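To start, the structure itself, in structure tokens.
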Amino acid sequence: MSRARADEEEYWHSSKFRAFTFDDEDDELSQLKESKRAVNSLRDIVDDDDDLERVSWSGEPVGSISWSIKETASGSTSSLEGRDSSLQKGSSSYAALPKQVSSYSLSSLFKGEFHYIPYRQMALTDVGVKNYAPELRRPKAEYKDYSSDWSPKDTVRRMQRGKVCSLERFRSLPDKLVLLDEAVAGHDGNVITAVLIFLKQTLRREILFRELEVRQVALCHLIHFLRETGEQKFLLDLLRFLDRTEEVALSQYREHLSIQDVEKRREFLKGCIGLPFSAEDTSHIQDHYTLLERQIIIEANDRHLETAGQSEIFRKYPRKASILNMPLVTTLFYSCFYHYTEAEGTFSSPTNLKKTFKIPDKQYVLTALAARAKLRAWDDVDALLTTKNWLGYTKKKAPIGFHRVVEILQRNNAPVQVLQEYVRLVEDVETRLNLATKYKCHDVVIETYRDLKDRIQLTAYKCKVERGSAEEEKINSILNNMVRNTVS
């Protein structure tokens with residue numbers, strides 16, 4: 001026993017710091033007071049958030065492996081009362097503790113994870129630097145939870161700085177509303193969402209909805225949070241309370257995205273038609289239902305044709321995906337690719353789709369042109385861009401502009417002869433020359449410079465064509481005619 005006592009005394013006298021006991025002499029007590037004043041003076045120099053190198057009263061740096069092992073072993077069996085009593089007896093375990101990592105993050109908030117920090121952890125981790133030195137002969141009754149002194153404004157400020165803090169102390173409705181107002185005033189979305197989650201868990205729905213109705217910023221945050229987390233029932237209850245009937249209908253309509261079975265989705269969309277949408281939205285819902293119904297019919301028929309091998313186009317160009325649940329433009333492209341020549345009376349006819357869904361001419365021509373050019377059906381492209389007036393005369397017309405026609409044809413490797421035909425139809429001279437030069441439509445370039453009577457550009461372009469080619473002979477002929485006209 002005496003040997004153990006001697007070893008302990010030798011350990012304390014050889015360590016970096018000496019232990020404090022109430023049995024020390026006055027000179028040792030004055031040294032400890034001086035040490036405490038030195039620690040407290042740190043707040044005047046640095047902020048309590050700085051990572052200072054802290055040392056336990058045992059002389060080992062806080063956070064070292066040996067210190068962590070000792071603290072873990074002792075912390076599992078200790079309590080607040082035990083810590084208080086050991087402090088009054090001069091225990092050396094009351095030391096600076098490492099900072100806790102914040103429990104608030106955007107990902108955890110939007111996943112609905114909101115963890116409260118226990119009272120014991122708050123009391124240990126959130127005391128300031130000035131409290132790391134032990135108090136001298138302080139009554140036990142004076143040790144209290146310092147978080148009880150935090151006002152809503154201080155709590156919000158700590159949350160903005162990523163500090164760990166508990167909101168459970170805000171028990172009354174007025175306190176919770178003040179906390180929410182302070183969070184909104186802080187303009188920090190994460191803090192607002194965290195407070196809203198706390199209110200959502202601790203208030204009845206009707207009370208929460210009533211208070212949010214007059215706090216539009218917080219209300220918008222909650223609605224967005226509910227949509228992100230998929231809490232559909234809570235969201236619908238909130239929107240119904242606010243009498244936002246159209247938003248309720250749209251929220252219910254969004255549920256079709258989670259329905260995988262196509263027949264069940266079709267029936268769900270049919271039921272959505274009677275919801276209180278606006279006039280414009282009602283039209284969209286009706287078109288969505290009609291389109292899905294049409295896609296089901298087309299898919300069943302085309303799958304049968306492809307399996308039976310009865311259609312040449314399906315044998316030559318096998319389908320890469322199902323048409324079900326595809327957008328309207330994709331469905332139109334599919335129809336122009338596989339069913340372009342069908343009569344208007346069939347559901348899969350492109351003209352039937354255009355008429356049923358009131359597709360504008362510009363969109364129809366752009367989609368049909370891309371589909372037929374991909375199949376290299378140049379005759380269909382020509383017919384698509386040819387119109388006839390009331391006198392029976394025909395001419396080329398492109399609602400999307402002939403410069404876009406040229407670009408689409410070139411992307412689909414159209415021959416130069418086809419490209420030249422449509423490059424000539426580009427009205428703007430500079431654009432026409434640029435396209436003709438870019439895609440090597442030599443005849444168009446030569447004819448344009450001829451019409452402009454630009455001998456200099458013709459002479460320069462002569463160097464860009466192949467020697468002895470028909471293009472070079474054409475340029476020489478035009479230059480000679482220009483000389484003759486000038487002489488005459």
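The values are calculated or read from the model by the stated rules, or taken from the named source; none is laboratory data. It should be emphasised that the depicted structure is a prediction, and the values quoted were computed from it without experimental measurement. Cβ: placed from backbone, ideal geometry, glycine included. Neighbour counts: every protein chain shown. Keep in mind that these areas ignore ligands, DNA and RNA; they rest on the heavy atoms of the full protein, side chains included. Shrake-Rupley method; radii C 1.70, N 1.55, O 1.52, S 1.80 Å.
Take the alpha-carbon centre of the stretch 149-222, take the same for the stretch 313-336, and report the distance between them in whole Å.
So the two Cα centres are separated by 51 Å.
For K388, K374, write out the residues from largest to smallest accessible area, computed with a 1.4 angstrom probe and no ligands counted.
So, going from the largest accessible area down, we get K388, K374.
At a 1.4 Å probe radius, carbon and sulfur cover how many percent of the accessible area of the stretch 405-488?
Its accessible area is 46 percent carbon and sulfur atoms.
How compact and how long is the stretch 232-381, expressed as Rg and Dmax of its alpha-carbon atoms in Å?
When restricted to the Cα atoms of the stretch 232-381, Rg and Dmax are 18.4, 60 Å.
For the stretch 151-303, give the percent of accessible area contributed by carbon and sulfur heavy atoms, probe 1.4 Å, rounded to a whole number.
On the stretch 151-303, the fraction of accessible area on carbon and sulfur atoms equals 50 percent.
So what are the ³J(HN,Hα) numbers for the stretch 227-242, from phi and the Karplus equation (6.51, -1.76, 1.60; θ = phi - 60°), rounded to whole Hz, Gly and Pro as x?
Rounded to whole hertz, the list is 5, 5, 8, x, 7, 5, 5, 4, 5, 5, 4, 5, 5, 5, 4, 7.
Roughly what would the spin-label model give for D281 and S151, points 7 Å off Cα along C-beta, in nm?
4.3
Peptides 359-372, 232-245: what's the order by average Cβ count within 10 Å, highest mean first?
Ranking the peptides 359-372, 232-245 by packing returns 359-372, 232-245.
Any idea of the accessible area per residue across the stretch 420-488, 1.4 Å probe, to the nearest Å²?
Accessible area per residue: 66 Å².
Over 23 Å between C-alpha atoms is what I'm after, so list which of K316/K397; K316/K354; K163/K233; K440/K474 land there.
Violating the 23 Å limit, Cα to Cα: K316/K397; K316/K354; K163/K233.
Give the accessible surface of the stretch 225-306 per residue, rounded to a whole number of Å², with probe radius 1.4 Å and ligands, DNA and RNA excluded.
55
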